[in-house]
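Rule-based calculations on the coordinates, nothing more; no lab input. Remember, it's a predicted structure, so these values are computed and weren't measured experimentally. For neighbour counting, all protein chains shown are included, and Cβ atoms are generated from backbone atoms with ideal geometry for every residue, glycine included.
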Amino acid sequence: MSSPALTLAFSAALLLSLLVRLWLATRQMRHVAAHRNQVPAAFQGAVSLQAHQKAADYTLAKGRFGLITMAFGTAMLLAWTLLGGLAALNDAVRNMVLPAAGPMAYQLALLAGFALIGGALELPFDVYSTFRIEQQFGFNRMTPKMWLADLLKGAALAAVIGLPLAALILWIMGHSGGLWWLWAWAAWVGFNLLLLIIYPTLIAPLFNKFEPLADDSLKARVQALMKRCGFAAKGLFVMDGSRRSAHANAYFTGLGASKRVVFFDTLLKRLDAAEVEAVLAHELGHFKHKHVLKRMLGIFGLSLAGLALLGWLATQSGFYAGLGVAPNLSAPNDALALLLFSLVLPPFMFFVSPLMAHFSRRDEFQADAYACQQADGRALAQALLKLHEDNAATLTPDPLYVRFYYSHPPASERLAALPAPRAGIPAT
């Protein structure tokens, strides 16, 4: 690929994706604002006007902030690529590290330097989101000290896990010939599977406390549900999610014998036993329909295709020059190629997101249907309403925005698809 052609293609994808994202974001905000003062007919008597307006205001606040982060992200992408930011960083790191420590140290330093600079530039946005927006709407429960501790632990974990993985991938790229991408993919898949196994017991406890579910009645109910569904888990745990946020959730984690069920303490405080059972039945529906496995295989397949494409692009001088970087003549280009590919891919992949969102919403409908077979559909409807209110999820999203972005169907569509009647749901 010639460098002018790549420059033109990248610029066009970046500009078009930015314009579409801006258009969709402004549509969403206009639609939510236009319906702010009236609860939709399907939810009258179940959701108060105050809760509905809070959800609208929360959506609008995140939307306005999203416009700022969108503009900043686009500017940074241009700065790293066509405006020479990555080229300047590469020159500085190569001249400083390569003569003293060798090619591998240079490449790891380049990856680490890029990650540190990018992370530092994003910190003000994370601080504002956490301590301004989430705080304003009553969701944030983190203190600055806790936020800083999480940041430092995350950085240390990224170094301990990320640097060895990066070194392995770079070694494979430099020593495996033209099919390096196949071996690198195998290593990446193996790493992700290992991570699924060790995450519940070694990584997650670094950030949260996990206690065995103490409610014997609820435990018996949950275990009976899992037995009916043919699902085995190593344990049922409650996570102290309330230390950081008022948002509620439940999830499965782990792989094989390490699978466990985790409930946020905020979820257990908000839902009754029948509603917790229905929410868990929904999650079990994902396993019954093999959604998790299919999604994992899909990710693995896309990553294989991406690495194969990178395997070809990395040998093309136009790939570097077309994105504002001169390839190294006296040092390996593997880390440089990885960074460039990670930068240039998102504007192109953006246009695939509606298809991925469609399949995700389809999976959610299937999981809801399964939950209604294994638990009380009415309880699921009540739980969905409570969770939408507690998480301040808008009941009136823009339909086109939903089709493009939403991984879960909006509440109106989910509740309409449930077999249980919605009439008479008590106000929350």
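DSSP beta bridges in the stretch 230-354, what fraction antiparallel, as a percent rounded to 5? Intermediate values should be presented prior to the final figure.
Details: 4 of 8 bridges.
Around 50 percent antiparallel, to the nearest 5.
Amide H to amide H, which residues 5 or more places from SER245 or on other chains are under 5 Å from it, using H placed in the peptide plane?
Counting only residues 5 or more places away or on other chains, the set is ARG141.
What translational D, rounded to a whole number of µm²/s, comes out for the stretch 308-428 from Stokes-Einstein when the hydrodynamic radius is the Kirkwood one over Cα pairs, at 37 °C and 0.692 mPa s?
It diffuses with D of about 182 µm²/s by this estimate.
If you rank MET104, MET239 by fewest surrounding Cβ atoms within 10 Å, what's the result?
With the fewest neighbours first, MET104, MET239 line up as MET104, MET239.
In what order do LEU385, LEU182 fall by count of nearby beta-carbon atoms within 10 Å, going from fewest to most?
LEU182, LEU385
Report for the chain the percent antiparallel among DSSP-assigned beta bridges with both residues inside it, nearest 5.
If we restrict to bridges inside the chain, about 65 percent are antiparallel.
Taking only the alpha carbons of the chain, what extent do you get along each of the three principal axes, in Å, biggest first?
Between the extreme Cα coordinates on each principal axis of the chain lie 72, 49, 40 Å.
For the stretch 272-311, state the semi-axes of the equivalent ellipsoid (square roots of 5 times the eigenvalues of the alpha-carbon gyration tensor), sorted largest first and rounded to whole angstrom.
35, 9, 4
What does the convex hull of the Cα atoms come to per residue for the stretch 339-396, in Å³?
Taking the convex hull of the Cα positions in the stretch 339-396, it is 138 Å³ per residue.
Could you give the C-alpha radius of gyration of the stretch 1-120 expressed as a fraction of 2.2 N^0.38 Å, taking N as the number of residues it contains? Don't skip to the end; give the middle numbers.
Numbers: Rg = 22.4 Å, N = 120, 2.2 N^0.38 = 13.6 Å.
Relative to the rule-of-thumb radius for its length, the stretch 1-120 sits at 1.65.
What is the angle, in °, between the Cα long axis of helix 291-313 and the longest principal axis of the Cα atoms in the chain? Nearest 10 is fine, range 0 to 90.
20 degrees
Quick one: if you take sqrt(5λ) for each eigenvalue of the C-alpha gyration tensor of the stretch 177-276, what semi-axes come out, biggest first, whole angstrom?
They are 32, 17, 11 Å, listed from largest to smallest.
Hey, could you grab the Kirkwood Rh for the stretch 43-92? Inverse mean 1/r over distinct alpha carbon pairs, Å, one decimal. Numbers along the way, then the final one.
Numbers: mean 1/r = 0.0722 Å⁻¹.
Computed over the stretch 43-92, the radius equals 13.8 Å.
Answer with one residue from PHE263, THR7, MET349: the one whose Cα lies farthest towards the positive end of the charge dipole of the chain, charges on Cβ with Lys, Arg +1 and Asp, Glu -1.
Going by the charge dipole, the pick is PHE263.
Tally Lys/Arg at +1 and Asp/Glu at -1 over every other residue whose Cβ is under 12 Å from the Cβ of ASP126; what's the total?
Computed value for this residue: -2.
Quick one: order TRP180, TRP147 by neighbouring beta-carbon count within 10 Å, fewest to most. Walk me through the numbers before you get to the answer.
Values: TRP180 21, TRP147 16.
Least to most surrounded, the residues fall as TRP147, TRP180.
Please report, in whole Å, how far the alpha carbons of the stretch 287-359 spread along each principal axis, starting with the longest.
Principal extents (Cα only, largest first): 53, 21, 15 Å.
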